[in-house]
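Engineer: Could you have a look at this structure, given as structure tokens, before my questions?
Coordinate-derived values only; no laboratory data. Source: prediction; values computed, not measured. A quick note on method: Cβ atoms are made from the backbone with ideal geometry, for glycine too, and the neighbour counts reach across all protein chains shown.
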């Protein structure tokens, strides 16, 4: 998706549970942002149980880091948790071969939604802390 500096945008990833949101005025120059499925066989296991097989790659012509924050939002199904506490959900990014929790994580259990505000590009997943 090509992003205009003055406009906000929403990008729905191939896994339709994942939504990337940019507010108007987020970027100072045009850039391209893409979201694609990631290969589960090409990444290490998460420190906890991955939820709903959510695994995606964010890429941009901006390099490894975006010039401003974007929001990643992920919907999950209650049955994906198998009775576990939703406060244990983590959106994580793969850095240096290890999963690191994304910053500014927020959970919204009544709406089965978790989000994080990020600038880092790369592979992301959703897992439940063990």
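Engineer: What ranking do 46, 21 get, fewest neighbouring Cβ atoms within 10 angstrom at the top? List each step's numbers first, then the result.
Structural biologist: Details: 46 19, 21 15.
Fewest-to-most ranking of 46, 21: 21, 46.
Engineer: For a Förster distance of 35 Å, can you work out the FRET efficiency between the beta-carbons of residue 82 and residue 61, rounded to the nearest 0.05?
Structural biologist: Details: r = 40 Å, r/R0 = 1.14.
E between residue 82 and residue 61, to the nearest 0.05, is 0.30.
Engineer: Over the Cα atoms of region 2-128, how large are the radius of gyration and the largest Cα-Cα distance (Dmax), in Å?
Structural biologist: 14.3, 45
Engineer: Given a cut-off of under 8 Å on Cα pairs at least six residues apart, what relative contact order in percent is computed for the chain?
Structural biologist: On the way: 291 pairs, mean separation 35.8, N = 130.
Relative contact order here is 28 percent.
Engineer: While we're on this one: Sorting 127, 76 on the 10 Å Cβ count, fewest up front, what's the list?
Structural biologist: Values: 127 22, 76 19.
Ordered by Cβ neighbours within 10 Å, fewest first: 76, 127.
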